[in-house]
Amino acid sequence: MAKTAAKVATKSANIAANDADQTSVPATVSFQCLPLATLTKEELYAAVDRAIDVVAESGVAYQVGPMETTMEGDLDTLLDIVKRAHLACLESGVPRVFTNVKIGCGADTGTMDEKITPYRRQGH
């Protein structure tokens, strides 16, 4: 398993930055990393925490929810973060990870705050 983790770490470290020539596509991306193994609650949380650390270190706007993490920014950047978060779970020693991804993009996507503020004001 250590050999696999080392390969994954190498791949994660080699992910290239987006080309400066690419057109920016505003997006909201939500994802959920699901470690697939028999783990203690602490081991499960530790693997998922590694994924959330990747998001936090990226500098994009994000919110962590009980079932997924939602980010906003450039689509290519966000997808790269999802890939690195997925690999971070594997690097934690989990043998398999399944990641669900939801993408919303386009010029009128709106921000996370625009989408949820009305409901927070109502106490939901």
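Output ³J(HN,Hα) for the range 95-100: one whole-Hz value per residue in order, computed from phi by the Karplus curve 6.51 cos²θ - 1.76 cosθ + 1.60 with θ = phi - 60°, and x for Gly and Pro.
Once rounded to whole Hz, the list reads x, 9, 9, 10, 10, 8.
Going by a ≥ b ≥ c, the root eigenvalues of the Cα gyration tensor, does the range 18-124 fall in the rounded group (a/c under 1.5), the prolate group (a/b larger than b/c) or the oblate group?
Oblate.
Please sort 49-59, 79-89, 111-121, 31-41 by packing, taking for each peptide the average over its residues of neighbouring beta carbons within 10 angstrom, highest first.
79-89, 49-59, 31-41, 111-121
Just so you know, all these numbers are worked out from the coordinates, no wet-lab data involved. As the structure is a prediction and not an experimental result, all values here were calculated from the model. Here the Cβ is made from the backbone with ideal geometry for all residues, glycine too, and neighbour counts use every protein chain on show.
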